[in-house]
Amino acid sequence: MKTDPMEKVKASAVTDADMSRANSTAVIEDDHHDHAPSGWQRWVYSTSHKDIGTLYLWFSFIMFLTGGAMAMVIRAELFQPGLQLVEPNFFNQMTTVHGLIMVFGAVMPAFTGLANWMVPLMIGAPDMALPRMNNLSFWILPFAFLILIASLFMPGGGPNFGWTFYAPLSTTYAPDSTALFVFSVHIMGISSIMGQSMSSSLFSTCARQA
């Protein structure tokens with residue numbers, strides 16, 4: 001008994017359609033069970049380079065406004081010669097913390113945020129290397145700057161020797177808040193090292209795959 005070739009073609013077409021429908025159903029079910037975090041969890045737990053880049057950019061903007069407010073205090077005091085608004089010690093504290101916030105809180109996170117956004121897109125990578133470290137490298141920054149700003153409220157005031165830490169002003173004549181000041185800078189450095197490690201890993205991985 002010979003089989004009609006047309007029946008084989010129809011059976012094959014039906015089989016392919018059934019398989020395609022089954023695969024589509026499986027994908028839909030997988031998407032249904034694979035919920036991405038939403039709300040605040042999206043930003044706290046995100047490993048997406050775009051979300052983390054956005055966090056860096058917003059943090060940089062907030063720090064820019066904070067440092068800018070300190071700059072306004074500095075410029076208001078310098079508007080005319082002589083003592084006008086703040087005490088000399090507080091003026092020195094403003095210049096010190098303003099410098100650190102602008103360099104480590106505004107400029108560097110802005111570049112890191114742009115790098116998080118643009119580098120994977122430019123080289124065709126799906127994400128940054130070590131995405132969870134990428135998340136951690138950002139979230140330790142707010143704590144570092146909270147510690148830095150908290151040093152202004154310690155007895156004796158905040159650091160008043162300039163953001164360059166020149167001795168002996170930063171050693172012999174430094175206030176007690178210098179320990180918090182130095183600790184916050186160390187945390188900022190850890191964040192920067194994490195960011196550099198991710199970039200190096202990403203470029204080396206892409207170079208091996210090329």
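The values are calculated or read from the model by the stated rules, or taken from the named source; none is laboratory data. This is a predicted model, so every value here is computed, not measured. Cβ: placed from backbone, ideal geometry, glycine included. Neighbour counts: every protein chain shown. Accessible surface is based on the protein model in full, side chains and every heavy atom, while ligands, DNA and RNA are left aside. Shrake-Rupley method; radii C 1.70, N 1.55, O 1.52, S 1.80 Å.
For the stretch 122-137, filtered to residues that are of a type outside the set (A, V, I, L, M), open to solvent by 10 Å² or more (accessible area, probe 1.4 Å) and part of a helix (DSSP H, G or I), the residue that is nearest to Pro175 (Cα to Cα) is Asn135. For the stretch 143-173, residues that are open to solvent by less than 30 Å² (accessible area, probe 1.4 Å) and either assigned to a loop (DSSP other than H, G, I, E, B) or of a type in the set (Asp, Glu) (or both) total 6. Total residues in the stretch 88-146 satisfying the condition of being aromatic (Phe, Trp, Tyr) and over 18 Å from Gly189 (Cα atoms): the figure is 3.
Within the stretch 188-201, does at least one residue satisfy the condition of being farther than 18 Å from Tyr56 by Cα and in a helix (DSSP H, G or I)?
Here is the first cut: in the stretch 188-201, the residues farther than 18 Å from Tyr56 by Cα are 200-201.
Keeping just the survivors that are in a helix (DSSP H, G or I) gives 200-201.
Yes - at least one qualifying residue is present in the stretch 188-201.
Every residue, every condition in (1) open to solvent by 70 Å² or more (accessible area, probe 1.4 Å); (2) farther than 20 Å from Ile147 by Cα; (3) in contact (Cβ under 8 Å) with a residue 24 or more places away in the chain, yes or no:
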{"residue": "Ala76", "(1), (2), (3)": "no, yes, no"}
{"residue": "Glu87", "(1), (2), (3)": "yes, yes, no"}
{"residue": "Val97", "(1), (2), (3)": "no, no, yes"}
{"residue": "Ile101", "(1), (2), (3)": "no, no, yes"}
{"residue": "Pro109", "(1), (2), (3)": "no, no, yes"}
{"residue": "Thr112", "(1), (2), (3)": "no, yes, yes"}
{"residue": "Asn116", "(1), (2), (3)": "no, yes, yes"}
{"residue": "Pro120", "(1), (2), (3)": "no, yes, yes"}
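Taken over the stretch 38-74, the residue count meeting the criterion of being charged (D, E, K, R) and touching a residue at least 12 places away in the same chain (Cβ under 8 Å) is 1. Checked against the criteria, Leu83 counts as modelled with pLDDT under 85 and open to solvent by 80 Å² or more (accessible area, probe 1.4 Å).
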